[in-house]
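This is the structure I want to talk about, given as structure tokens.
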Amino acid sequence: PTQKPLALLDRIVLASTKKGDIVLDPFTGSSTTGLAAILHERKFVGIDNEEKYLELSKKRFKGLKK
């Protein structure tokens, strides 16, 4: 596992995509890449085989709606 700060993923998403693009993260973990994508008006597809990370990801996305 690797931890990356949201600010780093923000920069990567902004530098490599346009609004409306789809960002794919095949090893999404807790979905920091996905959060950056959604915050910058991109679509996101995340894949992980660890259920605990997928549950954490769902909680983080629900937190964005608030």
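The values are calculated or read from the model by the stated rules, or taken from the named source; none is laboratory data. Keep in mind the model is a prediction, meaning the values are calculated, not measured. All Cβ positions, even for glycine, are placed from backbone atoms using ideal geometry, and neighbour counts span all protein chains on display. For the accessible areas, the whole protein counts, side chains as well, though only heavy atoms, and no ligand, DNA or RNA atoms are used. Shrake-Rupley method; radii C 1.70, N 1.55, O 1.52, S 1.80 Å.
Is there any pair with a first residue in region 51-66 that is over 14 Å from residue 25 (Cβ atoms) and a second that is part of a helix (DSSP H, G or I) and modelled with pLDDT of 95 or more whose Cβ atoms are under 8 Å apart and which are 6 or more apart or on different chains, and what are they?
64/35; 64/38; 64/39
Determine whether region 5-18 contains at least one residue that is free of Cβ contacts under 8 Å to residues at least 60 places away in the same chain and at positive phi. Show your work before the answer.
So in region 5-18, the residues free of Cβ contacts under 8 Å to residues at least 60 places away in the same chain come out as 5-18.
Filter again for at positive phi, leaving none.
Looking for residues that are free of Cβ contacts under 8 Å to residues at least 60 places away in the same chain and at positive phi, one finds none in region 5-18, hence no.
Give region 32-47 a look and list any residue that's in a loop (DSSP other than H, G, I, E, B) and either modelled with pLDDT under 95 or charged (D, E, K, R) (or both), or say none.
41, 42, listed by residue number.
Hey, could you check region 1-47 for residues that are within 16 Å of residue 64 (Cα to Cα) and charged (D, E, K, R) and say which is least open to solvent (accessible area, probe 1.4 Å)?
42
Please enumerate the residues belonging to region 48-66 that are assigned to a loop (DSSP other than H, G, I, E, B) and open to solvent by less than 50 Å² (accessible area, probe 1.4 Å).
Here is the first cut: in region 48-66, the ones assigned to a loop (DSSP other than H, G, I, E, B) are 48-50, 66.
Within region 48-66, 48 is the sole residue that qualifies.
Got at least one residue in region 3-14 being in contact with a Gly (Cβ under 7 Å, 6 or more places away or on another chain) and part of a loop (DSSP other than H, G, I, E, B)? Steps first, please.
Of all residues in region 3-14, those in contact with a Gly (Cβ under 7 Å, 6 or more places away or on another chain) come to none.
Within region 3-14 (the criterion being in contact with a Gly (Cβ under 7 Å, 6 or more places away or on another chain) and part of a loop (DSSP other than H, G, I, E, B)), the answer is no, since none of the residues qualifies.
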